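Remarks on the structure that follows.
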Amino acid sequence: MVRRPVAASGPTAHRGAYLTTLGHGPGGADNNRSHNREADEEGHDEYPHWTQKDIYDRARMDVERVVAEIDAQLRAQATPERAVQEKAYLKSALEHYGTTVPAVRQVVKRVARQQLVMGHDELMALVAALWAEPVHERRTAAVEFLDMYAQLLEFDDLAVIERMLREARTWAFVDALAGSIVASLVDRDQRTGMVLDRWASDDDFWIRRSALLALLKGLRRGDGDFERFSRYADTMLDEKEFFIRKAIGWVLRETAKKRPQMVYEWLLPRANRLSGVTMREAVRWLSDEQRDAVLAAR
């Protein structure tokens with residue numbers, strides 16, 4: 001695989017974190033081998049079998065220095081009271097500094113401007129190092145970097161993103177990872193379809209939610225793969241999980257802004273299966289006549 005040129009500034013100090021994120025290094029290799037064995041048996045071996053040399057050859061950024069700078073700036077804008085409130089609101093097991101999302105984004109933008117070269121390899125190493133620590137704001141920064149440089153991502157990077165999704169355990173990370181970052185890959189690489197198909201039947205509801213939200217960007221534009229969304233949503237309509245019900249309604253609501261007739265025709269025969277939260281979201285952009293018809297069909 002051809003890689004983009006990167007700045008030669010010496011080996012990264014966070015190769016171990018990057019290896020673990022990709023399923024290598026301490027605690028990661030067994031998980032990765034297990035995943036690959038299961039994928040081989042099920043016919044879903046979408047991702048490459050990474051080797052340590054693959055990762056060692058990648059990053060050339062002084063990741064330790066950059067991450068330390070980011071962490072210091074995040075701490076400098078921390079509010080202890082907010083940390084307590086946010087941790088409780090999100091029911092989070094992570095450490096919280098109490099730094100607002102806009103402040104985190106400003107730190108990310110400031111650091112990004114200071115980096116003369118941010119290639120694919122630097123991005124993935126930096127994200128891995130930020131995500132490795134169980135700190136909410138550091139993980140938020142990792143997601144923001146991925147979003148900012150989404151054009152650098154490749155299909156193989158879904159292995160890293162999927163692991164982040166599985167570790168996220170909250171909409172605060174999942175929605176951006178799936179709805180923006182994975183969605184950017186959906187737009188550029190048809191191979192993402194086989195990954196989303198697997199996610200849609202995963203035991204983890206956050207992964208199933210991700211399969212739905214990864215289609216959101218295209219559907220919101222007025223194109224996108226509504227047939228695939230329909231297949232996924234049909235299998236999930238009877239679920240009791242709030243975050244699945246909300247995601248189905250959210251995607252339908254955004255799709256209806258450009259294609260209300262299509263959403264109306266999808267909803268009508270399924271009206272008696274829709275939960276209240278799905279229904280409220282889905283009919284929001286329908287005409288009064290369409291909305292009344294769907295509600296009457298319940």
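Taken together, the values in this text are just the output of simple stated rules run on the coordinates, not laboratory data. This one's a predicted model, so the numbers in the text were calculated from it and none came from an experiment. Cβ coordinates were reconstructed from backbone atoms using ideal geometry, including for glycine residues, and neighbour counts include every protein chain displayed.
Computed values, structure above
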quantity	calculated
Pairs beyond 32 Å (Cα-Cα), from LYS109/LYS240; LYS87/LYS240; LYS87/LYS258	LYS109/LYS240; LYS87/LYS258
Size of charge dipole - the range 190-278 - debye, nearest 20, with Cβ of Lys, Arg +1 and Asp, Glu -1, no other charges	400
Qualifying lysines (Cα of each under 24 Å from Cα of LYS257; at least 8 residues distant if same chain)	LYS217, LYS246
Order of ASP204, ASP147 - criterion: other Cβ atoms within 10 Å of each residue's Cβ, fewest first	ASP204, ASP147
For the range 185-266, the fraction of alpha-carbon pairs in successive 10 Å shells from zero, as %	19, 55, 25, 1
The range 119-162 - percent relative contact order, Cα under 8 Å, separation 6 or more	39
